[in-house]
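The values are calculated or read from the model by the stated rules, or taken from the named source; none is laboratory data. No experiment lies behind these values; they were computed from the predicted model shown. In this analysis, Cβ positions are derived from the backbone assuming ideal geometry, glycine residues included, and neighbour counts consider all displayed protein chains.
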Amino acid sequence: MKSEYKSTMTITSLIILFPLIIGLILWGELPEQIATHFGANNAPDGWSSKAMTVLGLPFLMLFIQWLVFLLTSYDPKKKNINDKIFKAVLWIIPLVSSAVFLATYVTALGYNLNVGLLVNLLVGLVFIVLGNYLHKVKQNYSVGIKLAWTLNSKENWNRTNQMASWLYILGGLLFILNAFLQQIWLLIAIIAMVIILPVLFSFALFKKEI
């Protein structure tokens, strides 16, 4: 492991586990069942035990973080992944998960916090960051729009990821808008847009033998 990635993984791992320390400090004040999922109108619709929320979920995020790192590190086309893009990807889980876990503690302690607003804002920012990098990504198996057609054609890859780049930025802006609207239909529309349209676009290029 390169020293720069070693330091990045050390710092991001500590950030992921930071909510665990806060949870242990607040252990006596937290309820036995904690709301960990919120639906429309910021209403909780999913709960986890205190042990799972404080101990289990942070370690799950840590496992996912290291899985992402290892899968990307051993990508056969790793040389095509820009270091800045790789590092940006490695910071997504730590920042988002820590913010969400801390917000979960705040609501569990009885404070009124609009979790839907926070989550939509965070996801929106993530989409905008990814959108700004997607058009720069070269063919690889870890980052980008990875389809049979994009992996088989460099031009298909480039065009599809350039198009997806704008969709992700637009999706990010719509997520930020939805932070204030909090409409389920808009959330579904955004997700469908960033998933389905790049696939259809790539397939259309493939049919044109691109």
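So is Val199 of a type in the set (A, V, I, L, M), surrounded by fewer than 16 Cβ atoms within 10 Å (Cβ to Cβ), touching a Leu at 6+ places or on another chain (Cβ under 8 Å) and farther than 21 Å from Asn42 by Cβ or not? I'd like the intermediate steps shown before the answer.
On the way: of a type in the set (A, V, I, L, M): yes; surrounded by fewer than 16 Cβ atoms within 10 Å (Cβ to Cβ): yes; touching a Leu at 6+ places or on another chain (Cβ under 8 Å): yes; farther than 21 Å from Asn42 by Cβ: yes.
Here the answer is yes, as Val199 does meet what is asked.
Is it fair to say Thr53 is in contact (Cβ under 8 Å) with a residue 40 or more places away in the chain, in contact with a Leu (Cβ under 7 Å, 6 or more places away or on another chain) and in a helix (DSSP H, G or I)? For Thr53, the condition - in contact (Cβ under 8 Å) with a residue 40 or more places away in the chain, in contact with a Leu (Cβ under 7 Å, 6 or more places away or on another chain) and in a helix (DSSP H, G or I) - is not met. Ser153 meets the conditions (1) touching a Phe, Trp or Tyr at 6+ places or on another chain (Cβ under 9 Å); (2) without any contact (Cβ under 8 Å) to a residue 40 or more places away in the chain; (3) small (Gly, Ala, Ser); (4) buried (at least 18 other Cβ atoms within 10 Å of the Cβ) in every case but one. The failed one is (2).
Condition check ((1) closer than 28 Å to Phe180 by Cβ; (2) among the hydroxyl-bearing types (Ser, Thr, Tyr)) across all residues:
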{"position": "Tyr5", "(1), (2)": "no, yes"}
{"position": "Leu14", "(1), (2)": "no, no"}
{"position": "Gly39", "(1), (2)": "yes, no"}
{"position": "Ser49", "(1), (2)": "no, yes"}
{"position": "Thr53", "(1), (2)": "yes, yes"}
{"position": "Leu57", "(1), (2)": "yes, no"}
{"position": "Phe63", "(1), (2)": "no, no"}
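If you go through region 2-50 and keep only what is hydroxyl-bearing (Ser, Thr, Tyr), out of contact with any Phe, Trp or Tyr (no Cβ under 9 Å at 6 or more places or on another chain) and not in a helix (DSSP H, G or I), you end up with Ser48, Ser49. When we screen Ala99, Ala103, Ala88 for residues that are aliphatic (A, V, I, L, M), without any contact (Cβ under 8 Å) to a residue 40 or more places away in the chain and surrounded by fewer than 18 Cβ atoms within 10 Å (Cβ to Cβ), the only hit is Ala99. Out of curiosity, is Trp185 at pLDDT below 95, in a helix (DSSP H, G or I) and on the phi < 0 side of the Ramachandran plot? Against the criterion (at pLDDT below 95, in a helix (DSSP H, G or I) and on the phi < 0 side of the Ramachandran plot), Trp185 qualifies.
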